[in-house]
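Below is one structure; the comments refer to it alone.
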Amino acid sequence: MPRPSQPEPAPSPRLRATPEKTRPSIFWVLAALAVPPMNLATRYRIEGAEKMPREGAFVLAPNHYSEIDPVVMGHAVWRLGRAPRFLAKAGLFRVPVVGWLLRRSGQIPVERAGTVRGSEPLRAANELVEKGRLVIVYPEGSLTRDPELWPMRGKTGAVRIALEQGIPVVPVAHWGTQQLMGRYSKKISVFPRKTVRIKFGEPVDLSAFRGRALDSGTLTEATGVVMDAITALLEDLRGEKAPEQRWDPKINNQKETGRFE
């Protein structure tokens, strides 16, 4: 059932920039390309910005239902003073110019969406910890298949990095990017300007899993805890309750990746 409507929060002020944002880097080039059009197309209403660590390494785990989600989340993180890095499809690194920008900005290639395999992700994760950076990992691995855009079953990449490296997972949910670009749409709707609401949560308590063997059972259970936290944040933003059973593509005879509609 829909919850009573909540008053819309005031626009979140930009937080003081951290050195990783103010120090000259390739991110200045990316920001020059992306920030002006995003400011034209979107306005942000951000809750819980103070819960995003101002320094140190951590995994930021958002929900995912639009192809433009990474641009929106990267823009929001940049506004809040930190430089965003993502797990990105390895194929993108082979695209001229795009691949160069991804490598120079410290993005992490993975061979399949939502997985953390091979030496490159592990090396990059070690570097994140050493340099105190954040990485944005979409636990769902691809756009949700849920008909109502609720988070679906998660994959284990986010918690694997967090547990292997001993860093926190911060859940975050957003709502409104589907008005900017619908699921699987290739068209951006710029006018009228869209409002995107974002809510950060407290770091997920994964203490029960630390010290355990990181087998599939442990990782799957820990991922479920993270997905619960993301879903609860999205419930608050939407003012309604998510389905009790999280959507599972396998149960619904759907492919794990790619368009299904």
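When you go through (1) among the charged types (D, E, K, R); (2) modelled with pLDDT of 95 or more; (3) closer than 13 Å to VAL172 by Cβ one by one for ARG45, which number turns out not to apply?
(3)
Any residue at all in the stretch 188-196 that is among the basic types (Lys, Arg) and surrounded by 15 or more Cβ atoms within 10 Å (Cβ to Cβ)? Before you say what the answer is, go through the steps one by one.
Step one: of the stretch 188-196, the residues among the basic types (Lys, Arg) are 193-194.
Okay, now just the ones that are also surrounded by 15 or more Cβ atoms within 10 Å (Cβ to Cβ), so 194.
Checked the stretch 188-196: at least one residue is among the basic types (Lys, Arg) and surrounded by 15 or more Cβ atoms within 10 Å (Cβ to Cβ).
Taking the stretch 196-224 on its own, how many of its residues are over 17 Å from LEU80 (Cα atoms) and of a type in the set (Val, Ile, Thr)?
4
Hey, could you check the stretch 168-177 for residues that are outside any strand (DSSP E or B) and open to solvent by less than 10 Å² (accessible area, probe 1.4 Å) and say which is farthest from ARG123 (Cα to Cα)? Explain how you work it out, then say what you get.
Taking the stretch 168-177 and keeping what is outside any strand (DSSP E or B), we get 168, 176-177.
Restricting the remaining residues to those that are open to solvent by less than 10 Å² (accessible area, probe 1.4 Å) gives 176-177.
Numbers: GLY176: 35, THR177: 32 Å.
Selected residue: GLY176.
Considering the stretch 59-82 alone, what residues qualify as being crowded, with 23+ Cβ neighbours inside 10 Å, among the hydrophobic types (A, V, I, L, M, F, W, C) and touching a helix residue (DSSP H, G or I) at 6+ places or on another chain (Cβ under 8 Å)?
Scanning the stretch 59-82 gives VAL59, LEU60, ALA61, VAL72, LEU80.
Residues of the stretch 154-167 being in a loop (DSSP other than H, G, I, E, B) and either more than 23 Å from ALA125 (Cβ to Cβ) or out of contact with any strand residue (DSSP E or B) (no Cβ under 8 Å at 6 or more places or on another chain) (or both), which ones? Show your work before the answer.
Going through the stretch 154-167, the residues in a loop (DSSP other than H, G, I, E, B) turn out to be 154-156, 166-167.
Result: GLY154, LYS155, THR156, GLY166.
Checking the conditions here, which among LEU102, LEU92 is part of a helix (DSSP H, G or I), without any contact (Cβ under 8 Å) to a residue 24 or more places away in the chain and open to solvent by 40 Å² or more (accessible area, probe 1.4 Å)? Don't jump to the end; show me each part of the working.
Values: LEU102 fails: open to solvent by 40 Å² or more (accessible area, probe 1.4 Å).
Step by step, each of LEU102, LEU92 is checked, and only LEU92 is part of a helix (DSSP H, G or I), without any contact (Cβ under 8 Å) to a residue 24 or more places away in the chain and open to solvent by 40 Å² or more (accessible area, probe 1.4 Å).
Determine which single condition VAL190 fails, assuming it passes every other condition in (1) touching a strand residue (DSSP E or B) at 6+ places or on another chain (Cβ under 7 Å); (2) touching a residue at least 60 places away in the same chain (Cβ under 8 Å); (3) hydrophobic (A, V, I, L, M, F, W, C).
Of everything listed in (1) touching a strand residue (DSSP E or B) at 6+ places or on another chain (Cβ under 7 Å); (2) touching a residue at least 60 places away in the same chain (Cβ under 8 Å); (3) hydrophobic (A, V, I, L, M, F, W, C), VAL190 misses just condition (1).
Which of the residues spanning the stretch 48-87 are modelled with pLDDT of 95 or more and basic (Lys, Arg)?
Listed by number, the list holds a single entry, LYS51.
When ILE46 is evaluated against the numbered criteria (1) assigned to a loop (DSSP other than H, G, I, E, B); (2) farther than 18 Å from SER105 by Cβ, which criterion, by number, is the only one it fails?
Exception for ILE46: condition (1).
Going by the structure shown, is ARG160 open to solvent by 20 Å² or more (accessible area, probe 1.4 Å), over 22 Å from LEU80 (Cβ atoms) and of a type in the set (Lys, Arg)? Show your work before the answer.
Working: open to solvent by 20 Å² or more (accessible area, probe 1.4 Å): yes; over 22 Å from LEU80 (Cβ atoms): yes; of a type in the set (Lys, Arg): yes.
Here the answer is yes, as ARG160 does meet what is asked.
Let's see how each residue does on (1) surrounded by 18 or more Cβ atoms within 10 Å (Cβ to Cβ); (2) part of a loop (DSSP other than H, G, I, E, B):
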residue: PRO147; (1), (2): no, yes
residue: TRP150; (1), (2): yes, yes
residue: GLN179; (1), (2): no, no
residue: LYS186; (1), (2): no, yes
residue: GLU202; (1), (2): no, yes
residue: SER207; (1), (2): no, yes
residue: ILE230; (1), (2): yes, no
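The values are calculated or read from the model by the stated rules, or taken from the named source; none is laboratory data. None of the values given here were measured: they were computed from a predicted structure. FYI the Cβ positions are ideal-geometry reconstructions off the backbone, even for glycines, and counts take in every protein chain you see. The area values use the complete protein model at the heavy-atom level, side chains included, leaving out ligands, DNA and RNA. Shrake-Rupley method; radii C 1.70, N 1.55, O 1.52, S 1.80 Å.
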